[in-house]
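The values are calculated or read from the model by the stated rules, or taken from the named source; none is laboratory data. A quick note: this is a predicted structure, and the numbers were derived from the prediction, not measured. Using ideal geometry, Cβ is built from the backbone for each residue, glycine included, and neighbour counts are taken over all protein chains shown.
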Amino acid sequence: MSELKPKAGMKEWCGLVVIVLVTLLVAIDVSVLGFAIAPLSEDLSPSATQLLWIMDIYSFVLAGTLVTVGWLGDRIGRRKLLLFGALMFGVASAAAAFSTSPEMLIASRAVLGLAASTLTPTSLALIRNMFHDSKERKAAIAAWGGTLTSGAAIGPVVGGLLLNNFWWGSVFLINTPVMVMVLILGPFLLPEYRDPNRGRLDLVSTVLSLAGIMTLIYGFKELVINGYSRNPAICAAVGGVLLVAFVIRQRFARDPMINIRLFGNGGFSGAVITNMMVAFALMGSSVLTNQYLQMVLGYSPLKASLWSLAPMPAIGMAVGITPALARKVKPSKIIGGALLIIAAGFGILTQVKVDSNIAVVLVGVGLLAGGMVACKTLSAEIVVTSAPPEQAGSSVAVSETFTEFGIAMGFATLGSIGSMVYRHDMSDVAPTGVGGGALHALRNTIGGAADVASHLSNGAGGKLIATSRDAFTHGLQIASLAGAGLMVFTALIAALLLRKTPIEAALPGSLEAAQAQEDGYVEPAARTITRTDGTPAAVHHSSAA
């Protein structure tokens, strides 16, 4: 029996608009805070440690809770969890906007991270429930993936524009009215879907995943940014041990939170690795190019963020072309090619010089953005269709957890390579009369060099600025070269793992059905998955023939 592929109607496409709005806000909230640091610091007077937690707690909680809330969405209902997350996101945004102390802002940002973790996996999993036709699903996922990529770029622009006209809390308050609209429209436009046979929540697994992911990311980030020290090393080691224990428990638990067997599917593993490395490239390139625009070309933060919107046409082209191409070309070839395009973007950035035209940077970033959207579109579909329909939320959560690791590694790795080259090139620089902390600052960062130069005579200060810009640009070139090499390597790995994934991505149904397709099995019997209201959601292939 052939799989039924009902076409989506107006309700589903309007529902996609709601999902895209939710996804856009989550993506924007990752980067919107950057410009608000100075005014909120002046208002709330946080300590250096509190300021770091204000910046980092959102991503830490988001990464740590994804697996648990992905399982929860499959169990209690994806629409229900998304609406609850939207309510929590709106309330926490208002609390953050009107925070009266650093502690209140840190707590609000933590709740925002928790709310965001309910929105990302449920939004993509709901797309699978809403769009059963492969062509329509590809287009919907392309819109979802393009929104994630563009949202990260839009965040600084939104923040800059708001702060030019309003107080720092406005960067949070914009979330609330949108989430109110989601709460009004969601119950009418989004379908409910859950797995009534999901079993009980495994509290031990929940603790292991939350503690393991948060401590590992925190320890890794501290080690790479600040160098080796005992406490971060212990955190990273403990996090690794806890995650190993989590994986072992999933293999033997009666009600596992994630299906470990999914990683035996080359398509799923290849898609997860692709997502992780795309996040790596996005964060790593953003760190390098944003600093180049501001510290080397001398653009203001707002002007730099506006220029960062220039690659939007490349994102739009990728959103439009990828679904059409995916109907004719195997995912391994498209994803492999897209990763090579990202590598080419990094290659362009290796040619950037201190006096380069801005177009050089924009061409490189445009290639990066276009390749990222193409990768994210196809890998997201493979992830969401590789698992049984009732476990789609959990599988997306696993993939997004790896994405968070990619973000942390991209910032730490490529940023650290650039910093290492900068420090090497500046190691012999010693302006007359500068010593102690000031000498350390100018040799450590280009921002420190600019600060020291402002206190020197015009001649000495100008020479120091020129030297620091040369050193930073050299660091950008070497880091971009490393990024290009990593993307080429990832392209080879992805092509190998995805080689058996058919044009239609993984077969609808289960992992076993997908594997049967890979092994040449033609077509098993079909089964019907029902929604919580008793109506048929779709006809899917059974894993048992």
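Per this entry, residue 376 is counted among residues that are touching a Ser or Thr at 6+ places or on another chain (Cβ under 9 Å), among the charged types (D, E, K, R) and either within 27 Å of residue 62 (Cα to Cα) or assigned to a helix (DSSP H, G or I) (or both). Apart from one condition, residue 392 fits all of (1) under 21 Å from residue 150 (Cβ atoms); (2) at pLDDT below 75; the exception is (1). Report whether or not residue 376 is out of contact with any helix residue (DSSP H, G or I) (no Cβ under 8 Å at 6 or more places or on another chain), of a type in the set (D, E, K, R) and in contact (Cβ under 8 Å) with a residue 60 or more places away in the chain. No, not satisfied.
Restricting the search to helices (runs of 4 or more DSSP H) fully inside region 33-131 and requiring at least 2 residues that are modelled with pLDDT under 80 and crowded, with 19+ Cβ neighbours inside 10 Å gives 48-76, 102-130. Evaluated against (1) modelled with pLDDT of 80 or more; (2) outside any helix (DSSP H, G or I), residue 228 falls short on exactly one condition, (1).
Just one residue in the set 103, 136 is under 28 Å from residue 378 (Cβ atoms) and charged (D, E, K, R); that residue is 136. Scanning region 306-316 for residues that are farther than 16 Å from residue 145 by Cα and not in a helix (DSSP H, G or I) gives 308, 309, 310.
Taking first residues from region 74-98 that are in contact (Cβ under 8 Å) with a residue 24 or more places away in the chain and partners that are among the aromatic types (Phe, Trp, Tyr), the Cβ contacts under 7 Å between residues at least 6 apart in sequence or on separate chains come to 77/193; 78/193; 93/172; 96/172; 97/172.
Confirm whether residue 146 is buried (at least 22 other Cβ atoms within 10 Å of the Cβ), within 30 Å of residue 365 (Cα to Cα) and modelled with pLDDT under 90. First the steps, then the outcome.
Working: buried (at least 22 other Cβ atoms within 10 Å of the Cβ): yes; within 30 Å of residue 365 (Cα to Cα): yes; modelled with pLDDT under 90: yes.
It is true that residue 146 is buried (at least 22 other Cβ atoms within 10 Å of the Cβ), within 30 Å of residue 365 (Cα to Cα) and modelled with pLDDT under 90.
Here is a yes/no grid of residues against (1) exposed (fewer than 13 other Cβ atoms within 10 Å of the Cβ); (2) of a type in the set (Asp, Glu); (3) in a helix (DSSP H, G or I); (4) not assigned by TED's automatic domain parsing to the domain that holds residue 128:
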position	(1), (2), (3), (4)
172	no, no, yes, no
188	yes, no, yes, no
206	no, no, yes, yes
215	no, no, yes, yes
238	no, no, yes, yes
244	yes, no, yes, yes
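If you filter region 260-287 down to residues that are β-branched (Val, Ile, Thr) and over 20 Å from residue 340 (Cβ atoms), you find that the one that is surrounded by the most Cβ atoms within 10 Å (Cβ to Cβ) is 287. Within the bounds of region 249-264, is there any residue that is in contact (Cβ under 8 Å) with a residue 40 or more places away in the chain and closer than 25 Å to residue 416 by Cα? There is no residue in region 249-264 that is in contact (Cβ under 8 Å) with a residue 40 or more places away in the chain and closer than 25 Å to residue 416 by Cα. Suppose the filter is among the aromatic types (Phe, Trp, Tyr), more than 23 Å from the chain's Cα centre (by Cα) and modelled with pLDDT of 75 or more; does residue 280 pass it? Considered against the rule, which asks whether it is among the aromatic types (Phe, Trp, Tyr), more than 23 Å from the chain's Cα centre (by Cα) and modelled with pLDDT of 75 or more, residue 280 comes out as no. Of the residues making up region 288-316, those that are of a type outside the set (S, T, N, Q), surrounded by fewer than 19 Cβ atoms within 10 Å (Cβ to Cβ) and within 20 Å of residue 419 (Cα to Cα) are 297, 298. Residue 271 passes every criterion in (1) touching a Ser or Thr at 6+ places or on another chain (Cβ under 6 Å); (2) in a loop (DSSP other than H, G, I, E, B); (3) not charged (D, E, K, R) apart from (2).
The set of residues in region 63-116 being closer than 13 Å to residue 397 by Cβ and of a type in the set (Val, Ile, Thr) consists of 65, 67, 68, 69. Within region 122-167, track down each residue that is over 14 Å from the mean Cα position of the chain (by Cα), under 12 Å from residue 373 (Cβ atoms) and of a type in the set (Val, Ile, Thr). Matches in region 122-167: 141 only. Number of residues in region 317-364 that are surrounded by fewer than 16 Cβ atoms within 10 Å (Cβ to Cβ), part of a helix (DSSP H, G or I) and at pLDDT 85 or above equals 4. Could you check, for region 406-421, whether at least one of its residues is over 26 Å from residue 475 (Cβ atoms), out of contact with any Leu (no Cβ under 7 Å at 6 or more places or on another chain), surrounded by fewer than 24 Cβ atoms within 10 Å (Cβ to Cβ) and at pLDDT 75 or above? No: region 406-421 contains no residue that is over 26 Å from residue 475 (Cβ atoms), out of contact with any Leu (no Cβ under 7 Å at 6 or more places or on another chain), surrounded by fewer than 24 Cβ atoms within 10 Å (Cβ to Cβ) and at pLDDT 75 or above. Here residue 257 meets each of (1) under 25 Å from residue 77 (Cα atoms); (2) outside any loop (DSSP other than H, G, I, E, B) with one exception, condition (2).
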